[in-house]
Amino acid sequence: PVHSLQGNVDIAHVTFGYSKDKPILKNINLQAKAGQTIAVVGPTGSGKTTLINLLARFYDVDAGEVKIDGRNIKDYLLSDLRKNIGIVLQEPFLFSGSIMDNIRYGKLEASDEEVIRAAKTASAHQFIKYLPNKYETIITPGGGNLSQGQKQLLAIARAILADANILILDEATSSIDTKTEFEIQTGLVNLMKGRTSFVIAHRLKTIENADVIVVVRNGEIIENGTHHEL
Ligand code: ATP
């Protein structure tokens, strides 16, 4: 079993389609060195989500290969692979339970102190401490009693606690108030530090700070470079 992957990712000549007759991704080549941030940008429907979902093997490629640390991802146990990939989506999965348990979701053995430390690093502690029951506040189904931004902060805290070296992030597009926006930005910087991160980026800051920007159009990478180069 593999415990911790470093996070060197090599996507080589990858082609993929949800049905055989209609390729969505065509000859994708993309490398990320351990710790780098890759911002993936492009119009809606261009294949950004499809591309990053291949990393966690939600689907398998039709041709080409995806390697992590030099090894084809099909040669890892799926559970080992997924343990090494943290996922932060626009609409995180939240269940009816306490804030504490929701953050702990990815690492059940974590102590309360570890959860709180992760929340502080995620910049989530600020809002949690003002909730009526703090970390014991119960989240209603789907997180209805939390704002979109607060849900994102919990997802960031969860990913920090789970401590995977590879991250898949879908940056929120919804409007979020300035203070929460700042907290999310701080949390994301702390989360992404030292981890290989693939971000479907909407914020200019994220794009500017990325090591590599990849522009996807119609299932192909049409540009690949730094913010300075592009
Ligand atoms: P957005 O910015 O809107 O999220 P995207 O760039 O992430 O778009 P994808 O979600 O990867 O694009 O979609 C790429 C193409 O694949 C689209 O034509 C979409 O309709 C199609 N597609 C996405 N998911 C599926 C699926 N589960 N089954 C079939 N087709 C799909």
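The values are calculated or read from the model by the stated rules, or taken from the named source; none is laboratory data. Please read all numbers here as calculations on a predicted model, not as lab measurements. A quick note on method: Cβ atoms are made from the backbone with ideal geometry, for glycine too, and the neighbour counts reach across all protein chains shown.
Table: residues versus (1) at pLDDT below 95; (2) crowded, with 17+ Cβ neighbours inside 10 Å.
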position: Leu146; (1), (2): yes, yes
position: Gln152; (1), (2): yes, yes
position: Ile160; (1), (2): no, yes
position: Ile168; (1), (2): no, yes
position: Ala172; (1), (2): yes, yes
position: Val199; (1), (2): no, yes
position: Arg217; (1), (2): no, no
**Asked** Of the residues Val9, Val40, Val66, which is in contact with a Lys or Arg (Cβ under 6 Å, 6 or more places away or on another chain) and in contact (Cβ under 8 Å) with a residue 12 or more places away in the chain?
**Response** Val40
**Message:** Which count do you get for residues in region 171-227 that are in a strand (DSSP E or B) and under 19 Å from the mean Cα position of the chain (by Cα)?
**Reply:** 10
**Message:** Which condition from (1) within 25 Å of Arg104 (Cα to Cα); (2) out of contact with any Phe, Trp or Tyr (no Cβ under 9 Å at 6 or more places or on another chain); (3) in a strand (DSSP E or B) is the one that Gln152 breaks?
**Reply:** (3)
**Asked** Out of all the residues in region 81-93, is one or more more than 30 Å from Asn145 (Cα to Cα) and out of contact with any Cys (no Cβ under 9 Å at 6 or more places or on another chain)?
**Response** yes
**Request:** Look at Lys67 and say whether it is buried (at least 16 other Cβ atoms within 10 Å of the Cβ) and away from the ligand (no atom under 14 Å from the Cβ).
**Result:** yes
**Message:** Here are the criteria: (1) within 12 Å of the ligand (Cβ to nearest atom); (2) among the hydroxyl-bearing types (Ser, Thr, Tyr); (3) touching a helix residue (DSSP H, G or I) at 6+ places or on another chain (Cβ under 9 Å). Tell me which single one Tyr105 does not satisfy.
**Reply:** (1)
**Asked** Filtering region 19-34 down to residues that are more than 20 Å from Arg217 (Cβ to Cβ) and within 15 Å of the ligand (Cβ to nearest atom), which residue is nearest to the chain's Cα centre (by Cα)?
**Response** Ser19
**Item:** Residue that is modelled with the lowest pLDDT, among those in region 117-144 that are more than 19 Å from Lys179 (Cα to Cα), surrounded by 16 or more Cβ atoms within 10 Å (Cβ to Cβ) and not β-branched (Val, Ile, Thr)
**Value:** Gly143
**Request:** Return yes when Leu5 is under 20 Å from the mean Cα position of the chain (by Cα) and modelled with pLDDT of 95 or more and no when it is not.
**Result:** no
**Message:** Test of understanding: among Thr15, Thr37, which residue is among the polar types (S, T, N, Q), more than 16 Å from the ligand (Cβ to nearest atom) and either modelled with pLDDT of 95 or more or surrounded by 21 or more Cβ atoms within 10 Å (Cβ to Cβ) (or both)?
**Reply:** Thr37
